[in-house]
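Participant: Before anything else, here's the structure in question.
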Amino acid sequence: MYRFLLTPRWWGINVFVLLAIPFCIFMGSWQLGRFEDRVEDHRGAQDNVASSRQEEARPLDTLLPVTKETSGKQATASGRYQEQLLVPDRDLDGEPGHYVLTLLHTDTGKVLPVVRGWLPGGPKPAGTPAPPDGEVTVTGALQASETPGSNGVIALSGLPEGQTGAISSASLVNLVPHDVYDAWITLNQGDSGMRAVPAVAPGGTGLDLKAFQNLGYTAEWFAFVGFVIFMWFRLVRREAELVRDTELGLVPDEDAKPGSGRQQEQPSPSGV
């Protein structure tokens, strides 16, 4: 009954199936490996941020530009606090709140954004602690400028005066008439009773959308394996049923030829 599997047409189908299954398995395994690499990269970046807090702080300019290796490192800078901005919609430990961002005018003439801490609730300039007066030296974790989509940052527009949606030189250059560092630091200890904002892993090392896309592609490729096997068995079953019906005389031999595509013509009532 299954001798049709040796016909040229079925040889082509069988070869396609035998090639498609390992190809889908290979692609699924490759996508899974990409996801696992991102998970490992994420863990390594988090461990690096945690271990960096135990290292001695280094001058800010020696750590620039911010890279995956320098992100999270302890940096120190001196200057005077001046402009202060609030960064809304920033959760901490699952609690809604906002960051207090103060611009430190350094001796180099450039301005360094410093996150002095986190406060619960919506931004309220009147209740925000004022920055210290005079010359100060700050120490904290170095962070790269934020971009929408990184570490949960959402692009906000139409914010009131004194607020910014992202901590980045591109955003701040439109708010203050100063040359802003393409980096920022978050203090290790919150200033004026505020809670310290923990450093985050650098962009491209987290479990972001790309990582979960790899996981989704993994599932799709393995699903293709099941689909190919299912369709092959279904075609075999239909062909076997056609052969069986032909042997029982239920289908004319000419119409039963695999791939013939012919249908039995029914005589018209007039016999023509």
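The values are calculated or read from the model by the stated rules, or taken from the named source; none is laboratory data. No experiment lies behind these values; they were computed from the predicted model shown. Glycine gets a Cβ as well: all are built from the backbone with ideal geometry, and neighbour counts include every protein chain shown.
One line per residue, one yes/no per condition, for (1) at pLDDT 85 or above; (2) under 30 Å from Phe23 (Cβ atoms):
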residue	(1), (2)
Trp232	yes, yes
Val236	yes, yes
Glu241	no, yes
Thr246	no, no
Gly249	no, no
Gln263	no, no
Gly271	no, no
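Participant: Before we move on, is Gln74 polar (S, T, N, Q) and within 22 Å of Pro177 (Cβ to Cβ)?
Facilitator: no
Participant: Count, please, the residues in the range 70-112 that happen to be modelled with pLDDT under 95, of a type in the set (S, T, N, Q) and buried (at least 22 other Cβ atoms within 10 Å of the Cβ).
Facilitator: 1
Participant: Here's another thing I want to ask about it. Could you list, in sequence order, the residues of the range 168-177 that are surrounded by 15 or more Cβ atoms within 10 Å (Cβ to Cβ) and not in a loop (DSSP other than H, G, I, E, B)?
Facilitator: Within the range 168-177, Ser169, Ser171, Leu172 meet the criteria.
Participant: In addition: Suppose the filter is among the hydrophobic types (A, V, I, L, M, F, W, C), out of contact with any Gly (no Cβ under 7 Å at 6 or more places or on another chain) and modelled with pLDDT under 90; does Ala126 pass it?
Facilitator: Yes; evaluated as a whole, the condition is true for this residue.
Participant: Would you mention how many residues in the range 141-167 are under 19 Å from Gln74 (Cα atoms), in a loop (DSSP other than H, G, I, E, B) and at pLDDT 90 or above?
Facilitator: 2
Participant: Could you list all residues from the range 6-16 that are assigned to a helix (DSSP H, G or I) and surrounded by 14 or more Cβ atoms within 10 Å (Cβ to Cβ)?
Facilitator: Trp10, Ile13, Asn14, listed by residue number.
Participant: Exactly one condition in (1) of a type in the set (Ser, Thr, Tyr); (2) out of contact with any helix residue (DSSP H, G or I) (no Cβ under 6 Å at 6 or more places or on another chain); (3) at pLDDT 90 or above is not met by Tyr217; state its number.
Facilitator: Among (1) of a type in the set (Ser, Thr, Tyr); (2) out of contact with any helix residue (DSSP H, G or I) (no Cβ under 6 Å at 6 or more places or on another chain); (3) at pLDDT 90 or above, the lone unmet condition for Tyr217 is (2).
Participant: Something else now. Search the range 205-220 for residues that are hydroxyl-bearing (Ser, Thr, Tyr) and pair each with any residue that is modelled with pLDDT under 70 when their beta-carbon atoms are under 6 Å apart and the residues are at least 6 apart or on different chains.
Facilitator: If the second residue must be modelled with pLDDT under 70, the pairs left are Thr205/Ala45.
Participant: A further question follows. Could you grab the pairs with beta carbons closer than 9 Å, sequence gap of 6+ or different chains, first residue in the range 14-25 and within 19 Å of Arg3 (Cβ to Cβ), second one of a type outside the set (Val, Ile, Thr)?
Facilitator: Pairs found: Asn14/Leu5; Asn14/Trp232; Val17/Met231; Val17/Trp232.
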